[in-house]
Amino acid sequence: MNNIFRSGFIAIIGRPNVGKSTFINRVIGQKIAIISDKPQTTRHKIQAVYNEKDTQMIFIDTPGIHKPKHQLGEFMVKTTESTLNEVDAILFMINAEQGYGKGDQYILDLLKDVNRPVYLIINKIDLVHPDDLLPLIATYKDKHEFTEIIPISALQGNNVNHLLKVLKQEMPEGPKYYPDDHITDHPERFIMGELIREKVLQLTREEIPHSIAVNVENVNKKQSNTIVIQATIITERDSQKGIIIGKRGSMLKKIGQKARKDIETLLGTHVYLELWVKVKRDWRNNEHQLKQFGFRKEDY
Ligand SMILES: Nc1nc2c(ncn2[C@@H]2O[C@H](COP(=O)(O)OP(=O)(O)OP(=O)(O)O)[C@@H](O)[C@H]2O)c(=O)[nH]1
Ligand SMILES: [Mg+2]
């Protein structure tokens, strides 16, 4: 028996909405990456640390890869591309329900220049008949030299443990990069903002989700067991501000109630959440404002 410690970094890439963040949360058993049924939910690269006695695997959730339409989109895609050559393994995630498409070819082309083991992860198998997997596997097999093809359901957990076992063997001998209690590279304040953004995504439609940002301005511990959080939801237009506030503030109230619950779970204490809504025109094309909303230079 040898007692070597294995560790490494694993990037998850794929088109928007295939389930990358759902997978990350399932693996570490905590909600650090927000999820919605809208594409382009994740905007930042997020690390999640998974520990076993003799292994540490650092998963990197990335924004879904798509053709960028504005500076924020460009930032999101650059973030993902620059990650690929720095990791020990890559999970290319696809949606079992969707066939092969242009968006996947864009990613396969990116992978041509990458000299790392790539696993094809077919997610959402709970939505298809097992027989439907075979033609999908046949299509992808010829498109890249995949180390292995593994079908999973990130939502229900099928085969996720098997995938972890396979990845463990792929990891080189290495140090424990982070202490056991370090779950993510982003501060709690960032996750709070993300949880608020998630509720906006989940409760509003179409044009709203992608045009908002959340800025957590103050986090203050009050006496006893309560934390007061003040945050601002930024929109691009007055009409969007109106939708987020809703009739007599009803939408903002709903967003606040749901976000507060999640933040309470994150922090393990009572939370008093104060939300404001502000218009900042065209913030997605403004470098200064992107920085202010936490799009970090080192993520490029
Ligand atoms: N049925 C089913 N739904 C899933 C599964 N995994 C994720 N989903 C759903 O797919 C949607 C997108 O999930 P996300 O985890 O936000 O996807 P993502 O790839 O991180 O998306 P972006 O951040 O936009 O790139 C959500 O509605 C999830 O609940 C799965 O295994 N089965
Ligand atoms: Mg995501």
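The values are calculated or read from the model by the stated rules, or taken from the named source; none is laboratory data. Because the structure is predicted, anything quoted here is derived from the model rather than measured. Every residue, glycine as well, gets a Cβ built from its backbone with ideal geometry; the counts of neighbours run over all protein chains shown. Keep in mind that these areas ignore ligands, DNA and RNA; they rest on the heavy atoms of the full protein, side chains included. Shrake-Rupley method; radii C 1.70, N 1.55, O 1.52, S 1.80 Å.
Rounded to a whole number, what % of the accessible area of the chain do carbon and sulfur atoms account for, probe 1.4 Å?
47
Would you pull out the residues with amide H under 5 Å of D185's amide H, same chain only if 5 or more places away, H placed 1.01 Å from N?
Placed amide hydrogens put Q47 under 5 Å from D185.
Using the reciprocal of the averaged 1/r over all distinct C-alpha pairs, how large is the Kirkwood radius of the stretch 123-174 in Å?
Its Kirkwood hydrodynamic radius stands at 12.5 Å.
Amide H of W276 versus every other amide H placed in the peptide plane: which residues, excluding those fewer than 5 positions away on the same chain, fall under 5 Å?
Residues meeting the criterion, in which the H sits 1.01 Å from N, are A231, T232, I233.
Using only Cα atoms, what Kirkwood radius does the chain have, in angstroms?
This gives a value of 20.4 Å.
Can you give the charge dipole size of the chain about its Cα centre, rounded to the nearest 20 debye, using +1 on the beta carbon of Lys and Arg and -1 on the beta carbon of Asp and Glu?
1400
Give me, ordered by chain and number, the residues 5 or more places off Q56 or on other chains with an amide H under 5 Å from its own placed amide H.
Counting only residues 5 or more places away or on other chains, the set is R6, S7, G8.
How large is Rg over Rh for the stretch 169-231, taking Rg from the Cα atoms and Rh as the Kirkwood inverse mean of 1/r across Cα pairs?
1.16
Semi-axes, largest first, in whole Å: what does sqrt of 5 times each Cα gyration tensor eigenvalue give for the stretch 16-87?
23, 15, 8
Mean-square fluctuation check for the chain, GNM, Cα pairs under 10 Å: which of R26, R248, R43 is largest?
With Cα springs under 10 Å in the chain, the top fluctuation among R26, R248, R43 is at R248.
Using 0.36 nm per residue, how much length does the chain from Q30 to T269 gain when fully extended, once their Cα-Cα distance is taken away?
Fully extending the segment from Q30 to T269 adds 84.4 nm.
Go ahead and set up a Gaussian network model of the chain, Cα springs under 10 Å, then flag whichever of I183, I58, I35 fluctuates most.
I183
Near F5, within a Cβ-to-Cβ distance under 15 Å, what is the net charge of the other residues, with Lys and Arg +1 and Asp and Glu -1?
Neighbourhood net charge equals -2.
Only Cα pairs within less than 10 Å get springs; with that Gaussian network setup on the chain, which residue of L164, L120, L252 has the largest fluctuation?
Comparing L164, L120, L252 in the GNM, the peak value goes to L164.
What whole-number value in Å² describes the accessible area per residue of the stretch 21-107 for a 1.4 Å probe?
36
Can you order the peptides 11-17, 204-210 by their average number of other Cβ atoms within 10 Å per residue, highest first?
So the peptides 11-17, 204-210, ranked by packing, come out 11-17, 204-210.
Using the Cα atoms of the stretch 87-136 to build a convex hull, what is its mean projected area in square nanometres?
Approximately 3.8 nm², given one-decimal rounding.
With a probe of 1.4 Å, find how much accessible area the stretch 184-292 has per residue, and write the answer as a whole number in Å².
In whole numbers, the stretch 184-292 has 54 Å² accessible per residue.
Take K78 and K254, extend 7 Å from each Cα along the Cα→Cβ direction, and tell me the distance between the two endpoints in nm.
Placing both labels 7 Å along Cα→Cβ, they lie 3.7 nm apart.
Across bins of 10 angstrom width beginning at 0, how are the C-alpha pair distances of the stretch 56-158 distributed, in whole percent?
Pair shares across the bins are 13, 45, 34, 7, 0.
Over the Cα atoms of the stretch 165-300, what Rg and Dmax result, in angstrom?
17.7, 58
³J(HN,Hα) across the stretch 78-90 via Karplus (A = 6.51, B = -1.76, C = 1.60, θ = phi - 60°), whole Hz, x for Gly/Pro?
Per-residue couplings from phi come out as 4, 3, 6, 4, 6, 6, 4, 8, 10, 10, 8, 7, 10 Hz.
When ranked by the protection proxy of mean other Cβ atoms within 10 Å per residue, highest first, what sequence do the peptides 255-265, 168-178 form?
Those peptides, ordered most packed to least, come out 255-265, 168-178.
Given only helices, namely DSSP H runs of n ≥ 4 each adding -39500 (n - 2.57), what is the per-residue ellipticity at 222 nm of the chain, to the nearest 500 deg cm²/dmol?
-10500 deg cm²/dmol
Using only the heavy atoms of the protein chains and a 1.4 Å probe, how would M192, M251 rank by accessible area, largest first?
Of M192, M251, the descending order of accessible area is M251, M192.
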